[in-house]
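> Got a structure here, written out as structure tokens. Questions coming.
Coordinate-derived values only; no laboratory data. Everything numeric here is computed off the predicted structure, so don't read it as measured data. Reconstructed Cβ throughout: ideal geometry from the backbone, glycine too, with neighbour counts over all protein chains shown.
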Amino acid sequence: MLKLPKSRILRRRNDFQKVHRFGKSYANRYLVLYVFTASGLEDKVGFAAGKKLGNAVTRNRVKRLMRECYRLNQDKIRKDCCILLVGRKPAVEKKYDVIEKAFLDLGRKAEIFGR
RNA sequence: UGAGCGUGAAAGACAAUCGCUGACGACUAGUGCCAGUGUACUAGGCGUUUGAGGAAAGUCCGGGCUCCAAAGGGCAGUGUGCUGGAUAACGUCCAGCGAGGGUGACCUCAGGGAAAGUGUCAUAGAAAAGGAAACCGCCUGCUUGGCAGGUAAGGGUGGAAAGGUGCGGUAAGAGCGCACCAGCAGUCAGGUGACUGGCUGGCUUGAUAAACCCCACAUGGAGCAAGACCGAAUAGGGAAGGAUAUGAAGCGGCCCGCAGACCUUCCGGGUGUGUCGCUAGAGCUGUCAGGUAACUGGCAGUCCAGAUAAAUGAUUGUCACCGCGCAAGCGGUACAGAACUCGGCUUAUUGAUCACUCAUAAU
RNA sequence: GCGGCCGUGGCGAAACGGCAGACGCGCUAGCUUCAGGCGCUAGUGGGGGUUGACCCCGUGGUGGUUCAAAUCCACUCGGCCGCA
């Protein structure tokens, strides 16, 4: 089942800062991906969309697209790491399939996909 | 047909698959209480149901609600400012009055007081505000190329020059006199009133209050980050300084009044991103009655988001509308995301419908 | 949610309601130097019309008050900051 309840989404400001500061980062034109493998936050995910992307509607849209990417591909992802996804400006105009392709590329680069 | 002026409905629809928030239900597992049936909490999947706006936005106003002991008085400050009404309240709305703009439909107006007082009116100009002012001109006189006196009709300056036009009058002129107009005061009539119309009077008062100000009215302050609960939780501890029942802090300006014992700084250390507040309300829909209207009242029906790094999404298909294209088809379908809540305003933006106006043409 | 500040030449910034751009950094030209820098002197200061003189528009935007607005008032756009 490809579910994504709220308990698996990062909530706390401290957690976001931890992943952002200590995680390894990978980026392409549409997304930035942070991977953090330390203890405490295994199998969790966070989504971020900064103010540069536009107003609340477009920021919400980018976050929803990223969440859908993670949800539909979570069975391939290793369970021992914590992921933070950040949207970049060119992603605002794009449809889901473009974002998903960008996510899969980044994931391969970061070697988060298990066997 | 073209141009315009008001009004302002609606905010693409349906289906399938996957996913999210809240509520309810039964089930499974764990933990606590209990002898046990059971019950409470947590987690999980399942079923039913629910889920953004007209502006949710800007935060420009006004209420509810909560706390500040009570929310009292005065001053200051701030805001509003034609009249009458609506309203919980408003800076909003409705109906009028007045002024201005437009051929017109219609639009705009912070629209009280300048005779309570003060200030300002640069440059130019003789003079810029109290009974002021003589630069040129005009008139009179004389010691005749200059001076004295009179004069605000003319010139000139200025955004504005001390009511305007005409006739009389005069040495020349002047509300000096008269008529009309404007304005002011009084009075009569109509109107709840703003105001409008008439009559009479003395002949006359610059502009600016979105300058200070005066007048009238309103206004205690803070805001759900309010506040309450659980709890180790503005805790408790140490050091320094200050104050003190001869009255501290406080009541986010001051005084009265209230009240009644601490306050400031530093050091070191610990604990929550908990629960409630949190959605039934000046609610929504329909209908009837009153009112020109804003709106009000009665009756019937109805329950319609409650998140907290913040749910309402993704994909596919069919249809609708628009653009391009011969066609197959391709692309597009605005502005924009609830955060305690309600009434407005403003701004962003797709956009019917209906009423009306002007121009042209036809009948 | 509450509150505050700013917007003026290319840049940083001044300016009682009364000639907009003081002043500094720039830029241009000249002097100085073998050359450059430093220094000194003068000028240009945004846009449009014009050969020039000169005229019109310009202080984020739109209106309003005023004889006159960068300044006062209202609305609005953009940017920055503070408060548990």
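> Taking only DSSP H segments of four or more residues, each worth -39500 (n - 2.57), what value at 222 nm results for chain A once the sum is divided by all its residues, to the nearest 500 deg cm²/dmol? Show your work: numbers first, answer last.
Details: 3 runs with 43 residues, N = 115.
Mean residue ellipticity, 222 nm, calculated: -12000 deg cm²/dmol.
> Using a Cα-Cα cut-off of under 20 Å, which lysines could be cross-linked to residue A:89, ignoring same-chain neighbours fewer than 8 residues away?
Those lysines meeting the cut-off are A:51, A:52, A:63, A:101.
> Separate question: Got the relative contact order for chain A handy, in percent, Cα pairs under 8 Å and 6 or more residues apart?
Result for chain A is 34 percent.
> With chain A treated as a Gaussian network of Cα nodes joined by springs under 10 Å, which of A:87, A:54, A:46 yields the largest mean-square fluctuation?
In this elastic network of chain A, the residue with the biggest mean-square fluctuation among A:87, A:54, A:46 is A:54.
> Still on this structure, please answer the following. Springs between alpha-carbon pairs under 10 angstrom, Gaussian network model over chain A: which of A:12, A:59, A:78 fluctuates most?
Most flexible of the set in this elastic network: A:12.
> Let me ask something else about it. If you fit an axis through the alpha-carbon atoms of helix A:13-22 and take the longest principal axis of the Cα set of chain A, what angle between them do you get, 0 to 90°, nearest 10?
Its long axis makes an angle of about 80 degrees.
> So what's the angle, to the nearest 10 degrees on a 0 to 90 scale, between helix A:96-110 and the longest Cα principal axis of chain A?
In chain A, helix A:96-110 runs at an angle near 40 degrees to the longest axis.
> Further, regarding this structure: Efficiency by 1/(1 + (r/R0)^6): what FRET value for residue A:76 and residue A:7, r their Cβ-Cβ distance, R0 = 22 Å, to the nearest 0.05?
Rounded to the nearest 0.05, the efficiency is 0.60.
> Need one number for chain A: average projected area of the convex hull over its C-alpha atoms, nm². Write out the running numbers ahead of the final one.
Details: hull surface 27.7 nm².
The directionally averaged projection comes out at 6.9 nm².
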